[in-house]
1. Using the Karplus equation 6.51 cos²θ - 1.76 cosθ + 1.60 (θ = phi - 60°), what ³J(HN,Hα) coupling, rounded to whole Hz, does each residue of segment 270-287 give in order, writing x for Gly and Pro?
2. Between Tyr595 and Asn395, what is 0.36 nm times their sequence separation minus the Cα-Cα distance? Round to one decimal in nm.
3. For the cross-link pairs Lys190/Lys402; Lys163/Lys190; Lys207/Lys256; Lys107/Lys331; Lys107/Lys207; Lys416/Lys618, which exceed 31 Å when the distance is taken from alpha carbon to alpha carbon?
4. May I ask you to compute the full-extension gain from His125 to Ser527, defined as 0.36 nm times their residue separation minus their alpha-carbon distance, rounded to one decimal in nm?
5. Compute the FRET efficiency between Asp272 and Gln620 as 1/(1 + (r/R0)^6), taking r as their Cβ-Cβ distance and R0 = 51 Å, and round to the nearest 0.05.
6. Over all directions, what mean area does the Cα convex hull of segment 115-260 project, stated in square nanometres?
7. Taking 56 Å as R0, compute the FRET efficiency from the Cβ-Cβ separation of Lys244 and Met103 and round it to 0.05.
8. Per the Cauchy relation, a quarter of the hull surface: what is the mean projected area of the convex hull of the alpha carbons in segment 189-272, in nm²?
Amino acid sequence: MPRILYVLTTFFLLFAGSLSLQAQDDLGLYPECHCLYMQADEAVGKSSFDSLSREFHKLAIAKGDKNSILQYHLLELRHLCMGSSKEQVLEAMEQLKEKALEMGELKYFFNAYTRTAMYMEDVEHDETAVLELLLEMLSEATKYNSEYGFYEGHRYLALICWKQGDFINARRHALKAYGIYSETKDPIIKNETIIVRTLTELSETYKADNDSSLLFLEEARKVAAIGVDSLRCNYCEARYWAKKNDLAKYAFFRDKVREDDRSYTRYYPQGDLMFGATEAAAAGNWETFHSNVEQFDNILDLKYFAELASLYGNVGELSQLEERIIRTIFKAHSSNQSDAIARLAASMGNMELSHSLDATKHKLAMSNRLIIASLSAFLILLILFMVVYIHKRHNEDREKQKLITKLQKSRDEADKANRMKTTFVQNMSHEIRTPLNALVGFAQLLSLPDGSLTPEEKEEYGDIVTNSGEVLIGLIDDILNMADIETGNYKIRISRFKPASVCAFALRIVEGRVSADVKLVFENRVSEDLSVNSDMLRVQQILTNFLTNAIKNTESGTITIGCTTEEAPGYVSFYVADTGVGVPPEKADVIFDRYVKLDNFKPGTGLGLSICRILASKLQGLVYLDRNYSPGARFVLNIPL
């Protein structure tokens, strides 16, 4: 796996640059330490480094600045990598790893691996050591279950695969790195914007006509947080629009790149050569294009120039660039591939010669060529027409099917609504007839001449008339309330009130309806001075509905009403719990729908809980059935404090 030099060197420059920028924003150094850090950072590889580094380390220890101490060890490693012995570099790497583990900062632990790997390639040219370090780093990431280690490992593998021209595996590792970045909650990974480089290079592995190219550029812009990130996005987007032959947008992003001259020349020292080659290709100045391109050997750059040669129809330049790409890939996979490269070069020459002979033959047989071209064009147009026609028919059929499905759904919903309304009318005729018959019948009995009924009978019949009237009023109230809600006439009047008082009012309304075998219980779990800002009457109406349902479904036991602030933070929770029949699990999801009744033999419209849900929504609250409660049922209303 030779010559990972370009990848590692570029990675180092970007990584070191990102650390310098972070020192200003994200490293969290103490202000006194920050100033010295910047001086030591600028002195890396120079004779003045040792004194500045020692002074920086001394101050970091005096201030107890953990980040500065770790940065000191990283600076030492970077400085030694500029030309010291292998043993010194490895010792500095171990010191940084040990200090990072001691201080619980795995970021620096893995930085030690990546920086040392760059040294092994750049200075020692020891590819075996590079791979061993990378494998050890991934092993340590597994050992420590470190997202950051896996993140760095995948980004590093993506860089190596790009250098080899293995775009499939490069994309796989880049996407894994971005997946970790997107899903992690680790602030260290989130603060590292080097992922922008991974995304922009991932974008460049696709041709310009592939939507993925622009998609990953857009993702990179979302992540970009510092100046160098925007610089990288603008640089790659300029190349993207050049490949799309949109020279106006290309020029716009080129000029944006050149605005930051210092960062531009640091991170893209060949930037002017690249822009010059791009503009030369667009102008047809292939001599300048060729001269500039000769100075590039990175496979992504060569791929970019090959796309330009293809775009502007220069077959010769395209062939030469393809040959260079193949040669670069072979060199990246083997250190002894000269024979294979020679054979590939010869094969390329044969292909060019064959192309030249074919062109001569075409000139001699122009008439046949025109006929073949015409037939080919006709066939292509016919195929395109058929494809468009089939695609259009497919879309029409799909839209038609969607419309049919929508109509069927609307029909089913309408049928369901009609059935529910029919059932509702039938139920109402029965529900209203029953209390009316009781009213009429017992009123007639009460109107009999004196002496016909005993006082006990009169009292009993009077209670029946009263109860029947209340039932009838409740039914009519439900219907009128739902009508008001649907027409928008239901008004909400906000005022301050105490939760305990509204519970007490609701309890007094229904206490006369409770059988002797049922005990009413009131639980007040809120502070006496607590008050809420809402519509007291609507809250009371919801609680009354809860209590009415509990009374209907509880023949013996207890019915408890209460309020608490401990159940849902930021809310006061009103609740009604009973020991009755409860709600079957299969009905729990529909209990708040209109016209739904658990027992058709018990009085009611099936509108009460539906009205409760609508009222709660208007109060910015929520009603729900507590599914964890048993035996019986527990309904809860949450109102914001």
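1. 9, x, 5, 5, 5, 5, x, 5, 4, 6, 5, 4, 5, 8, x, 8, 6, 5
2. Fully extending the segment from Tyr595 to Asn395 adds 68.0 nm.
3. Details: Lys190/Lys402 42 Å; Lys163/Lys190 26 Å; Lys207/Lys256 23 Å; Lys107/Lys331 33 Å; Lys107/Lys207 34 Å; Lys416/Lys618 26 Å.
Violating the 31 Å limit, Cα to Cα: Lys190/Lys402; Lys107/Lys331; Lys107/Lys207.
4. 137.2 nm
5. It comes to 0.25.
6. 9.6 nm²
7. Working from the Cβ atoms, E equals 0.70.
8. So the Cα hull casts an average projection of 5.3 nm².
The values are calculated or read from the model by the stated rules, or taken from the named source; none is laboratory data. Worth saying up front: this structure is predicted, and the values here are computed from it rather than measured. Heads up, the Cβs are rebuilt from the backbone with ideal geometry, glycines too, and the neighbour counts pull from every protein chain shown. Calculation scope for accessible area: heavy atoms of the full protein, side chains included, ligands and nucleic acids excluded. Shrake-Rupley method; radii C 1.70, N 1.55, O 1.52, S 1.80 Å.
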